[in-house]
Amino acid sequence: MEQITFCKKSKTNNKIIAISLAAFFFLMANAAQAICPVCTIAVGAGVGFSRYLGIDDTITGLWIGGLTVSMILWTINWLDKKNIHFKGRKIVTTLSYYLLMVVPLYFMNFMGHPLNKIWGVDKLLLGIIAGSAAFFGANAWYDQLKAKNNGHAYFPFQKVAMPVGALLTLSLIFYFLTR
């Protein structure tokens, strides 16, 4: 099976893109919000480096899905802080981010390649769905644990460790499934 690459340029250019992406998310970081910036940086860096290293599209998709959920939650929290409320804002925000992620990937031929499927589903799309569910679920679980502990985390950086840990665990599972 032919390996489909995210960027058909040289590895040096891919490395520059990955480092630029990580730097961008680092510079965008500010005080902790719905999903903290450190978590978003970790997810963004994971996307860039996974493609640079030639990792399977299911694993790359996991990180894209996690990044998408992170941005959705961050945006909804920002709208709350700015007291911007409109009917269906969570649905509109969610659909907008997924369209902004998936549509360009499809039209740039990163998705939809007939040889890039697992279980009859595009590898990148499957990864995005699984990564989104894992990241959202881990974040919801963190919120439940924090509520049970009088509004405090059980350990430092738990808010980062749980969603990123979920993505790392799924990455390992998909690594063994797709190698």
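Would you be able to tell me the number of residues in the range 84-125 that are outside any helix (DSSP H, G or I), among the β-branched types (Val, Ile, Thr) and closer than 27 Å to Ile173 by Cα?
Step one: list which residues in the range 84-125 are outside any helix (DSSP H, G or I), which gives 84-88, 108-122.
In the following step, the residues that additionally are among the β-branched types (Val, Ile, Thr) were identified as 84, 118, 121.
Imposing the further condition that a residue be closer than 27 Å to Ile173 by Cα reduces the set to 118, 121.
Here the count works out to 2.
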Selection count, the range 153-179, where residues are touching a Phe, Trp or Tyr at 6+ places or on another chain (Cβ under 7 Å), modelled with pLDDT under 90 and either under 15 Å from Leu62 (Cβ atoms) or basic (Lys, Arg) (or both): 1
Inter-residue pairs, beta-carbon under 8 Å, first modelled with pLDDT of 90 or more and in the range 92-103, second surrounded by 18 or more Cβ atoms within 10 Å (Cβ to Cβ) and of a type in the set (Ser, Thr, Tyr), 6+ apart: Thr93/Thr75; Tyr97/Thr68; Tyr97/Thr75; Tyr98/Thr68
Filter result (more than 20 Å from Val164 (Cβ to Cβ) and either of a type in the set (S, T, N, Q) or free of Cβ contacts under 8 Å to residues at least 12 places away in the same chain (or both)) within the range 55-80: Asp80
The range 125-146 residues that are without any contact (Cβ under 8 Å) to a residue 24 or more places away in the chain, paired with ones that are assigned to a helix (DSSP H, G or I) and not polar (S, T, N, Q) (beta carbon under 7 Å, 6 or more apart): Trp141/Met162; Tyr142/Lys159; Tyr142/Met162
Filter result (surrounded by 15 or more Cβ atoms within 10 Å (Cβ to Cβ) and touching a residue at least 24 places away in the same chain (Cβ under 8 Å)) within the range 150-177: Lys159, Val160, Met162, Pro163, Val164, Ala166, Leu167, Leu170, Ser171, Phe174
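Could you please let me know if Asn83 is surrounded by fewer than 16 Cβ atoms within 10 Å (Cβ to Cβ) and either of a type in the set (Ser, Thr, Tyr) or at pLDDT below 95 (or both)? Spell out the reasoning first.
Numbers: surrounded by fewer than 16 Cβ atoms within 10 Å (Cβ to Cβ): yes; either of a type in the set (Ser, Thr, Tyr) or at pLDDT below 95 (or both): yes.
Here the answer is yes, as Asn83 does meet what is asked.
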Conditions (1) surrounded by 14 or more Cβ atoms within 10 Å (Cβ to Cβ); (2) more than 25 Å from Ser50 (Cβ to Cβ); number of the one not met by Ser132: (2)
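The values are calculated or read from the model by the stated rules, or taken from the named source; none is laboratory data. Source: prediction; values computed, not measured. All Cβ positions, glycine included, derive from the backbone under ideal geometry; neighbour counts span all protein chains shown.
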